[in-house]
1. Could you please tell me which pairs satisfy a Cβ distance under 9 Å, a separation of 6+ or placement on different chains, a first residue in segment B:44-63 that is over 11 Å from B:LEU21 (Cβ atoms), and a second residue that is more than 8 Å from DNA strand C (Cβ to nearest atom) and not in a helix (DSSP H, G or I)?
2. Quick one: in segment B:187-204, of everything that is of a type in the set (Lys, Arg) and loosely packed, with under 15 Cβ neighbours inside 10 Å, which residue is farthest from the chain's Cα centre (by Cα)?
3. Within segment B:1-38, track down each residue that is more than 18 Å from B:LEU115 (Cβ to Cβ), touching a Lys or Arg at 6+ places or on another chain (Cβ under 8 Å) and at pLDDT 95 or above.
4. Name the residues in segment B:156-178 that are at the interface with another protein chain (Cβ under 9 Å from one of its Cβ atoms) and in a loop (DSSP other than H, G, I, E, B), would you?
5. What number of residues within segment A:28-43 are more than 10 Å from DNA strand D (Cβ to nearest atom) and crowded, with 17+ Cβ neighbours inside 10 Å?
6. Evaluate segment B:199-207: report whether one residue or more is in contact with a Phe, Trp or Tyr (Cβ under 9 Å, 6 or more places away or on another chain) and more than 8 Å from every other protein chain (Cβ to nearest Cβ).
7. Restricting to segment A:11-27, name every residue that is away from DNA strand C (no atom under 14 Å from the Cβ) and farther than 21 Å from A:ASP107 by Cβ.
8. Output the qualifying pairs, or none if there are none: Cβ atoms under 8 angstrom, residues six or more apart or on different chains, first residue in segment B:30-41 and of a type in the set (Lys, Arg), second residue within 16 Å of DNA strand D (Cβ to nearest atom).
There are 2 protein chains.
Amino acid sequence: MDVIVEAGKTQAYPPRQSAVLEQALRLLVEGGEKALTTAGVARAANCSKESLYKWFGDRDGLLSAMIGFQAGKVRTVDVAAETLTIESLRRHLIAFARDLLDVLSGDVSLALNRLAIGQANRKETKGSKLGRLLQERGRRQVERRAAALLEAGRQARLLRFKDAQEAYATLYGLIVSDLHLRMLLGETVEPMKREFAGRAERAIDAFLVLHGVENVGQGRETPAKGQE
Amino acid sequence: MDVIVEAGKTQAYPPRQSAVLEQALRLLVEGGEKALTTAGVARAANCSKESLYKWFGDRDGLLSAMIGFQAGKVRTVDVAAETLTIESLRRHLIAFARDLLDVLSGDVSLALNRLAIGQANRKETKGSKLGRLLQERGRRQVERRAAALLEAGRQARLLRFKDAQEAYATLYGLIVSDLHLRMLLGETVEPMKREFAGRAERAIDAFLVLHGVENVGQGRETPAKGQE
DNA sequence: TAAGAACCGTACCGTACGGTACGCAAATGA
DNA sequence: TCATTTGCGTACCGTACGGTACGGTTCTTA
């Protein structure tokens, strides 16, 4: 019965436990960490507290399971190895940017990040465990997709950069800026969402100015140098 | 260091209460929100709980006071209106970047951000109050300094951008990327701090490629070709 | 069908928190 | 000098949480 958390592979929970985790996530999204009590989860999921402790060990185990469960639901689309052109690369990058913004602005994502951040500075060594878990589970996926895209762009001689890690950091910063933090702090998300499309486009254009070869950034008039 | 520690003139607390707030901040930094109990603060500050409630109303009032108190200690230096050159602008931007990274990575800043984020998604309308407070108190200062710098650069015909707000967002994203979030999640800060200098320089060089005139970004070879 | 496991609902326990009340000492002021 | 204020220390109260125990019910399985 002990479910071992295997890194990398999305471990599926039994349906009963999945339903419980779903309810737990719902409670967390609606009321924050304060609303995520063992009794509350048991009541919302129509199960007993004893079963909770049997399945997840203790409260921290439940939190970890929630993160793993949610991460397991996110699927990254691997772009098939097509022949990249300037246009298709730009489209793929913009799609990546929009997906990234959508993920970061999601209810559950925000709630889980708030939860992990809240647990981050506890004295116990267990403190940053959730943070690391969230980082590895959630971010790795996104980063891998971006890395593949960047590498493909370089192979096709459409991008130039020395350090892929650094290029990705630049890409991320241009796309997200301080948006994530503002959302985490409670700023209303809806007005931002309407600007995601334009924001993604501008970010990619800027990125292409920095790391694209020749004058690939012609989507909008670039603030810097010449366009066709 | 451009940050000056001075008793805030905006909201000055009596010395006794300032000492209490100092202890409260210390407890928060050391043990997180869980360690910030009324009894704990009273014990650490050698005062009674009754006095705490008399001075700050309730727990939320104490938290707000802590944010205001800490924000009052940070002062930004306005760059005197000197005649900007390409070199001096670049130096000022890099100094700004380093100061920004230093502020964001500070113990108290991280603790307060974690606190506000943790309170962000409570049902009550009061939830995002701390977040807004932290945003307005802390960020406005930084943003104002950057805005002044950017505007001065444009006046001197060294920078070009249409929307100052958007240019600032780009600058912020290039400097910070996902660093702030990773630190909030509990990642070890020390290794990052050693890279702040280089990071600031690279971010500013990239920013100058995007928004500088001519080939001012000479720190690294600029991937785009000069024009105009 | 009968034994056994899984599980629900509830009650229970120890603890810790936010907030209040009270007694008493030190300052303050006329 | 005495009255008033201020504030410390402690005790107290109601509540709510994490975690455990137990009786009763449903489901599995041989």
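1. Pairs that qualify, where the first residue is over 11 Å from B:LEU21 (Cβ atoms) and the partner is more than 8 Å from DNA strand C (Cβ to nearest atom) and not in a helix (DSSP H, G or I), are B:ASP60/B:GLN119.
2. B:ARG194
3. none
4. B:ARG160, B:PHE161, B:LYS162, B:SER177, B:ASP178
5. 3
6. Yes, some residue in segment B:199-207 is in contact with a Phe, Trp or Tyr (Cβ under 9 Å, 6 or more places away or on another chain) and more than 8 Å from every other protein chain (Cβ to nearest Cβ).
7. Hits for segment A:11-27 are A:GLN11, A:ALA12.
8. That search, which allows pairs on different chains as well, returns B:LYS34/A:ARG122.
The values are calculated or read from the model by the stated rules, or taken from the named source; none is laboratory data. Not measured: the values here are computed from a predicted model. Cβ atoms come from the backbone with ideal geometry, glycine included; neighbour counts cover every protein chain shown.
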